[in-house]
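Reviewing the structure listed below.
Please treat every number below as a calculation from the coordinates, not as lab data. All of these numbers come straight from a predicted model, not from anything done at the bench. Cβ sites come from the backbone with ideal geometry, for glycine too, and all protein chains shown count toward neighbours.
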Amino acid sequence: MTRLVVVSNRVASPTETKGSAGGLAVGVFGALKDSGGVWFGWSGDVVSDSVANQGPKLEQDGAVTFATVGLPKKDYDQYYRGFSNATLWPVFHYRNDLAVYDRDEYAGYRRVNSWLAHRAIKLLQPDDVIWVHDYHLIPFGEALRSEGVTNRMGFFLHIPFPSPQILLNIPPHEELVKSLCCYDVVGFQTPGDQAAFHDYIVRHAHGTATADGEVEAFGRKLKTGVYRIGIFPDEIAEQATRGEARQDVMDLKQSLEGRKLIMSVDRLDYSKGLVERFKAFEYFLEKSPEWRGNVTLVQIAPPTRSDVDTYQQIRHNLEYEAGRINGRYSGLDYTPIRYMNQRYDRWKLMSLFRESQIGLVTPLRDGMNLVAKEYVAAQNPDDPGVLVLSQFAGAADEMKGALMVNPHDMVGMSEAIGRALSMPLAERRERYETNMVMLRKYDLGVWRDSFLADLRGVKLNKPLSKRPAGNK
Ligand code: GDG
């Protein structure tokens with residue numbers, strides 16, 4: 001099998017791939033181990049120009065090379081904090097109101113992508129298959145192509161692809177889509193994302209797109225596909241049961257004193273709908289006095305991107321809302337919302353999922369949302385909790401056993417909480433089984449293998465030097 005080169009903004013450390021972080025890192029590493037290869041990307045460090053230019057730093061783990069570079073402060077500000085997370089992230093999550101656009105940041109974004117491509121070239125072999133991940137790296141493939149790299153190159157977008165009317169808000173939208181067309185395969189989380197991309201190709205790029213994902217635009221031919229990212233359900237179940245006898249989990253159970261538990265776990269991000277969720281829970285307590293004192297919402301929200309302004313704002317808002325609601329409904333021995341702003345071990349999260357009666361997963365918009373899937377896989381099959389899920393998570397396409405909610409509908413969310421808390425065992429089991437069928441059918445291995453099979457099988461464009469339109 002040809003070697004695989006994975007490129008992502010952040011590279012998991014060799015220890016993370018051994019299972020402590022779980023999830024995606026383990027899944028991608030599995031593919032790398034099978035074929036041998038390189039995992040290339042940013043180390044997460046901000047360094048001086050000269051240190052950055054000494055990279056990549058190489059670490060070997062069996063047949064896999066971890067290759068990382070540091071980023072100078074200006075590059076970090078423009079590429080990561082700026083265009084990636086203050087422009088692309090909000091717009092792709094339909095939050096134009098939170099997006100800022102700055103030409104210099106966009107120039108920095110492209111410059112860093114070209115610089116990263118330069119750093120990666122020396123690691124490439126002629127037959128390598130290159131798999132690039134996510135919105136930070138849209139122009140990475142185009143930068144490689146302009147250096148004459150003709151390898152198979154695929155791109156997977158982990159977040160939603162917005163409808164054209166939303167995407168047009170980013171001034172260089174055409175350049176971004178043109179960059180995507182330099183890959184041989186472009187993968188999306190859901191059919192809706194793929195359709196939005198096709199829509200742009202047809203209506204704004206004068207290209208063509210067929211229902212089975214054959215796209216022609218900007219002088220290039222490529223394949224698009226839907227690859228639903230999943231989890232390894234057995235790994236989650238094992239982690240969830242590992243915690244059963246551990247002290248912290250027993251302490252939490254004891255402190256609940258028989259109260260029902262609602263669990264939410266999200267990176268602290270405005271796309272996750274945390275403020276709306278807190279308000280729905282407040283409304284539930286207001287309208288259901290019999291539940292006051294009898295149900296607790298545990299929200300775990302480790303901070304991310306805390307140097308981006310909008311993230312400071314969301315943190316502030318949430319602290320305010322949690323304090324206000326707790327002020328209203330707390331008793332001497334009861335706190336309705338336990339809001340934790342820190343990261344927990346993975347096994348602990350999965351164990352808490354298993355102890356809870358509801359998994360409340362209500363993003364305003366989400367590419368997939370792995371927490372929803374992890375929640376289900378962590379349940380005790382004999383007495384499973386209920387997943388309450390936003391219709392705007394990519395996972396809603398598959399998790400038909402969830403109680404589906406619109407996160408903008410406070411009353412609807414409150415009703416779903418009430419219904420889930422009183423749901424009979426037979427219905428809970430049936431819903432759990434429905435979800436588990438899909439979790440097994442579309443697990444993380446299927447996602448990875450189907451993307452790579454398509455990338456390895458796709459008919460290649462002629463070298464770009466003969467087709468300059470794709471690289472202008
Ligand atoms: C992006 C897309 C898409 C969370 N808190 C802790 C912790 N986590 C873990 C969860 C889960 C992962 O982080 C979060 O994944 P999500 O999918 O829920 O969301 P994003 O981080 O926004 O991911 C998303 C995903 O990419 C994959 O394609 O599904 O739509 O936005 O695994 O369990 N893990 C630990 N401690 C925590 O406190 N250990």
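Please name whichever of Ala416, Tyr80, Ala143 sits farthest to the positive end of the charge dipole of the chain, dipole taken about the Cα centre and charges placed at Cβ: Lys and Arg +1, Asp and Glu -1.
It is Ala143, whose Cα lies furthest towards the positive end.
If amide hydrogens are placed 1.01 Å from N in the peptide plane, which non-local residues have theirs closer than 5 Å to the one on Val405?
Close amide H contacts, sequence-distant or interchain: Leu389, Ser390, Gln391.
So for Lys373, Lys260, fewest C-beta neighbours within 10 Å to most, what's the order?
Exposure proxy ranking, most exposed first: Lys260, Lys373.
Please state, as a whole number in µm²/s, the translational diffusion coefficient that the Stokes-Einstein equation yields for the chain at 25 °C and 0.890 mPa s, with Rh defined as the Kirkwood radius across alpha carbon pairs.
Translational diffusion coefficient: 105 µm²/s.
Nearest 10 degrees, 0 to 90: what angle lies between the long axis of helix 233-242 and the longest principal axis of the chain (Cα atoms)?
40 degrees
Just to check I understand the Karplus step: with θ = phi - 60° and J = 6.51 cos²θ - 1.76 cosθ + 1.60, what whole-Hz values come out for the stretch 111-116, glycine and proline as x?
4, 5, 4, 5, 5, 4
With θ taken as phi - 60° and the coefficients 6.51, -1.76 and 1.60, list the Karplus ³J(HN,Hα) couplings across the stretch 118-125 in order, rounded to whole Hz; mark glycine and proline as x.
Working through the residues one at a time gives 4, 5, 7, 3, 5, 8, 7, 10 Hz.
Which trypsin sites (Lys or Arg not before Pro) does the stretch 97-152 hold that lie in a coil by DSSP with at most 15 other beta carbons within 10 Å?
The qualifying sites are Lys122.
Any chance you could give the angle, 0 to 90 degrees and rounded to 10, that helix 444-457 forms with the longest Cα principal axis of the chain?
20 degrees
What does the highest-first list of 391-402, 202-213, 61-72 look like by mean Cβ count within 10 Å?
Averaged packing, sorted descending, gives the order 391-402, 61-72, 202-213.
From zero outward in steps of 10 Å, how is the percent of C-alpha pairs of the stretch 257-383 spread across the bins?
12, 43, 36, 8, 0
Can you tell me the length gained on complete extension of the stretch Thr150 to Glu257, counting 0.36 nm per residue apart and subtracting the Cα distance?
In short, 32.3 nm is gained.
Just report the Cα centroid separation between the stretch 337-414 and the stretch 319-335, whole Å.
22 Å
Which value, in debye to the nearest 20, describes the size of the charge dipole of the chain about its Cα centre when Lys and Arg Cβ atoms bear +1, Asp and Glu Cβ atoms bear -1, and nothing else is charged?
Charge dipole of the chain: 780 debye, to the nearest 20.
Which far-off residues, 5 or more places away or on another chain, put their amide H under 5 Å from the one on Val7, with H placed in the peptide plane?
Amide H neighbours of Val7: Phe40, Trp131, Val132, His133.
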